[in-house]
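First comes the structure, then the notes that go with it.
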Amino acid sequence: MQNERIGSTGHYRARCYYCSKEWAKGEPVKLEFHLGYECAKCPERVREYWVTKIIDKQNNYQRGPVNKRKKMDSTQTNITSHFKNDEPLPVSEQNALDQAVLKAWVIAGIPFSVIENPFIIDLFMRLNLAYIPPSRTTLSGRILKEEAAKVKVKIDKIFEQSENLTLCE
Ligand SMILES: [Zn+2]
């Protein structure tokens, strides 16, 4: 879609069709991540498509309907919350770290379940005792939820417009 050519033997130069960002080596995972999370100019539905695709790929060991996962995410609590110490990080810092973790996970193709590995949790806590790594479902779910909410707004708008059209004509 946005890459000029990705050969099976190597990655070629690529350029984002929407924002013109260029990569010397257009590795698919980078382009997918760009379109899903970084590109400011690509249309919402394109972003939605790639976000879903990336998350599906990450979760492909536990196939299931996306809707079901989304529902679970909203009610599930963070399993690592018992690691909380008395001085929690400011929300903005926690969010920034979550974003960094998400980016690392997606770019490196690490399964979301790894975030719940006790050794990984231990590692995070050694690095920053106040940081509580997100649960697997939070990591994969928050973005899905945000995206779903955005899509809903869009669909509502479309319905509104078509209703107006019908009324006017
Ligand atoms: Zn772009």
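Just a few scattered comments:
- Hits in region 51-82 (condition: farther than 18 Å from Pro134 by Cα and either over 16 Å from the mean Cα position of the chain (by Cα) or modelled with pLDDT of 85 or more (or both)): Tyr61, Gln62, Arg63, Gly64, Pro65, Lys68
- Looking only at region 37-51, residues that are within 12 Å of the ligand (Cβ to nearest atom) and without any contact (Cβ under 8 Å) to a residue 60 or more places away in the chain come to 8 in all.
- Filtering Val114, Val106 for residues that are hydrophobic (A, V, I, L, M, F, W, C), in the same structural domain as Asn128 (by TED's automatic domain parsing) and at pLDDT below 80 leaves a single hit, Val106.
- Taking first residues from region 1-27 that are in the same structural domain as Lys41 (by TED's automatic domain parsing) and within 16 Å of the ligand (Cβ to nearest atom) and partners that are of a type in the set (D, E, K, R) and modelled with pLDDT under 50, the Cβ contacts under 7 Å between residues at least 6 apart in sequence or on separate chains come to Arg13/Glu4; Ala14/Glu4; Arg15/Glu4.
- Within region 124-149, the only residue that satisfies the criterion of being more than 18 Å from Asn95 (Cα to Cα) and modelled with pLDDT of 80 or more is Arg126.
The values are calculated or read from the model by the stated rules, or taken from the named source; none is laboratory data. All figures in this text were calculated on a predicted structure; none of them were measured in a lab. Positions of Cβ are backbone-derived with ideal geometry, glycine not excepted, and every protein chain shown enters the neighbour counts.
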